[in-house]
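One structure is given below, encoded as structure tokens.
The numbers here are math on the coordinates, done by the rules we state, and not lab data. If you're wondering where the values come from, they're calculated on a predicted model, not measured in any experiment. Every residue, glycine as well, gets a Cβ built from its backbone with ideal geometry; the counts of neighbours run over all protein chains shown.
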Amino acid sequence: MLNEDAGDDRPASKIPSRDPMPRLLILFAHPAYDASRVHKAMATAARRVPGVTFHDLYEAYPDFDIDVGHEQALLADHDRIVLQFPIYWYSTPPMVKQWEDLVLTHGWAYGQQGTALRGKQLLCAVSAGARQEAYTPDGFNAVSIRQFLLPLEATARLCGMIYHEPFVIHGTHRLETEGIAAAADSYRDRLEALRDAQ
Ligand SMILES: Cc1cc2nc3c(=O)[nH]c(=O)nc-3n(C[C@H](O)[C@H](O)[C@H](O)COP(=O)(O)O)c2cc1C
């Protein structure tokens with residue numbers, strides 16, 4: 001088969017394939033966006049990354065009345081999923097839990113017929129007020145953010161997803177303008193790497 005569009009005779013197999021749909025879906029959950037400093041900058045950076053669908057769950061569902069069909073359709077359309085949220089009480093904000101409880105249904109996300117998420121990738125992109133040292137074995141919180149997020153990792157495994165090392169901005173309480181800008185830049189880099197990885 002020839003590449004007629006390009007007007008040459010290269011075999012079709014050598015033509016870089018065009019991606020017809022955005023690959024990266026960011027599910028953003030911040031209960032107090034107006035007061036946010038760090039995620040506001042991260043969200044602005046993320047929205048500018050080509051190939052990203054940015055979906056603000058608190059904006060879409062102020063009453064927690066999640067449209068399950070819409071959420072499942074979004075997941076089906078993307079193969080790389082990012083859950084972006086601030087760490088609240090060593091866990092996720094409640095919207096993330098509500099989203100999991102309603103959207104990840106048996107027979108769709110898991111179970112014998114539940115293969116919709118199989119092979120997709122999941123990255124948690126979070127921020128924490130405490131510094132990184134606090135999330136070490138000798139630190140105040142004793143374990144890492146990845147360990148606090150183990151329920152999400154187990155959920156990803158149950159659904160057959162590939163779980164990535166979380167992207168974490170630590171020590172947000174001490175971040176000034178420059179540090180917040182650097183956090184947003186490194187988030188953008190991580191998103192681009194996730195988008196472009198084979
Ligand atoms: C209700 C609440 C609970 C929080 N719990 C934690 C926590 O368990 N661990 C931590 O390191 N920071 C905690 N923080 C700090 C937030 O994670 C931090 O303020 C946030 O990541 C900053 O991002 P933002 O500027 O986008 O809001 C908490 C903040 C609030 C408001």
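Points worth noting:
- Taking chymotrypsin sites (Phe, Trp or Tyr not before Pro) in DSSP loop conformation with at most 15 other Cβ atoms inside 10 Å as exposed sites, the chain has its longest uninterrupted site-free stretch at 1-63.
- Loop sites in region 78-187: trypsin sites (Lys or Arg not before Pro), DSSP, at most 16 other Cβ within 10 Å: ARG118, ARG131
- The Rg/Rh ratio for region 21-196, using Cα coordinates for both the radius of gyration and the Kirkwood hydrodynamic radius, is 0.95.
- Fraction of antiparallel bridges per DSSP, the chain only, in percent to nearest 5: 10 percent
- Residues in region 112-117 carry Karplus couplings, in order, of 4, 8, x, 10, 4, 9 Hz; the curve used is 6.51 cos²θ - 1.76 cosθ + 1.60 with θ = phi - 60°, and Gly or Pro positions show x.
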